[in-house]
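To start, the structure itself, in structure tokens.
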Amino acid sequence: GGGKPLAGRRAIVTSGPTHEPIDPVRYIANRSSGRQGHAIAAALAKLGAEVTLVSGPVTLPDPRGVKVIHVERAEEMLEAVLGALPADIAVMVAAVADWRVATENTEKIKKKPGEGPPPLMLAENPDILKTIGHHAQRPKVVVGFAAETQDVEDNGRVKLQKKGADVIVANDVSPETGIMGGTRNSVKLITAAGVEQWPDLSKDEVAGRLADWVAARLI
Ligand code: C5P
């Protein structure tokens, strides 16, 4: 305990949502405050890691002692993450939009009376966690998150495999939990070894514990 167990280690953290432009004034996004991801970046830095935080649009201040790269779209987020390799640790917390608008509209789409709403063609975004989890320069510890509203454990186990992660931190984001956008979190750690339920904690406490967990995995 104590000291800087992550001194000399490099970490990449993603946080916040991505915004996928529909046109210059509209976008598609997931709900995400960035609170949990930003707290994890700060907690890893506190343990001595050299942290690159790749953040989508959030209203939070940049955590101190962390290099922050601000991005908007999933494709930009992936590019920034790959640019931060090599690293020992990757913690992908961002709520990346699964789809972007296939055709870029460089001008604002106008309402056309009598024509109804415009059709939107979507294209699949890159999966950043999956890319990192299967990369030739895969960090030693790869952490994914899973925000679910049902079958949290089963979905977490499937994600662990598919994404090539060492652990999936799963939480139930059903509206009645108040987790989404809130300051507290109740998570399950899903690894190949099994499931560990953590108590109800603040997002800062989850971040501190997760940083300790990562440090222990690297020894
Ligand atoms: O598949 P799902 O989005 O539920 O997986 C969640 C995990 O995958 C999170 O760690 C999230 O940051 C990551 N993810 C990603 N790129 C995507 C989609 C999800 O990095 N395009």
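For region 164-219 versus region 1-79, the spacing of their alpha-carbon centroids is 17 Å.
Could you tell me how many degrees, from 0 to 90 and to the nearest 10, lie between the Cα long axis of helix 203-218 and the main elongation axis, the longest principal axis, of the Cα atoms of the chain? Taking Cα atoms only, the helix is inclined about 60 degrees. A protection proxy built from the mean count of other Cβ atoms within 10 Å ranks the segments 119-125, 174-180, 16-22, 87-93, most packed first, as 87-93, 16-22, 174-180, 119-125. DSSP beta bridges confined to region 1-134 are antiparallel in about 30 percent of cases.
For region 47-62, putting each phi into the Karplus relation 6.51 cos²θ - 1.76 cosθ + 1.60 with θ = phi - 60° gives couplings of 8, x, 6, 8, 9, 9, 9, 9, 10, x, x, 9, 9, 7, x, 5 Hz, in residue order, rounded to whole numbers and with x for Gly and Pro. Length, then width, then depth: along the principal axes, the Cα atoms of region 46-133 run 60, 28, 18 Å.
Only beta bridges with both residues in region 73-173 are counted; by DSSP, about 25 percent of them are antiparallel.
From the cross-link list LYS67/LYS163; LYS4/LYS188; LYS46/LYS130; LYS140/LYS163, which pairs have alpha carbons spaced over 18 Å apart? Distance filter (> 18 Å) returns LYS67/LYS163; LYS4/LYS188; LYS46/LYS130. Specify the angular offset, from 0 to 90 degrees and rounded to the nearest 10, of the alpha carbon long axis of helix 74-83 from the longest principal axis of the alpha carbons in the chain. Taking the Cα atoms of the chain, the angle to 74-83 is about 40 degrees. Under the combined filter of DSSP loop state and at most 11 neighbouring Cβ atoms within 10 Å, region 1-88 retains these trypsin sites (Lys or Arg not before Pro): ARG31, ARG64. Taking the Cα atoms of region 89-150, the ratio Rg/Rh between the radius of gyration and the Kirkwood radius comes to 1.19. The slack between THR149 and ARG26, meaning 0.36 nm per residue of separation minus the straight C-alpha distance, is 41.6 nm. Seen against the Cα atoms of the chain and their longest principal axis, helix 152-163 is set at about 90 degrees. Using the alpha-carbon positions of region 159-219, Rg (one decimal) and Dmax (whole number) come out as 12.3, 39 Å. Could you size up the charge dipole of region 1-107 around its Cα centre, putting +1 on the beta carbon of Lys and Arg and -1 on that of Asp and Glu, and report it in debye to the nearest 20? Roughly 700 debye, rounded to the nearest 20.
Checking every one of the trypsin sites (Lys or Arg not before Pro) in region 137-200 against DSSP loop status and a limit of 14 other Cβ atoms within 10 Å picks out LYS140.
Here region 1-66 has an Rg and Dmax of 14.4, 51 Å, counting Cα atoms alone. Note on the chain: along the principal axes its Cα atoms extend 67, 35, 32 Å, ordered by decreasing extent. DSSP finds beta bridges in region 135-213, and of those with both partners inside it, around 60 percent are antiparallel. Rounded to the nearest 0.05, the FRET efficiency derived from the C-beta distance between LYS111 and LEU60 at R0 = 45 Å is 0.85.
Each value in this text was obtained by applying a stated rule to the coordinates, not by laboratory testing. A quick note: this is a predicted structure, and the numbers were derived from the prediction, not measured. Ideal geometry is used to build each Cβ from the backbone, glycine not excepted, and the neighbour counts take in all protein chains shown.
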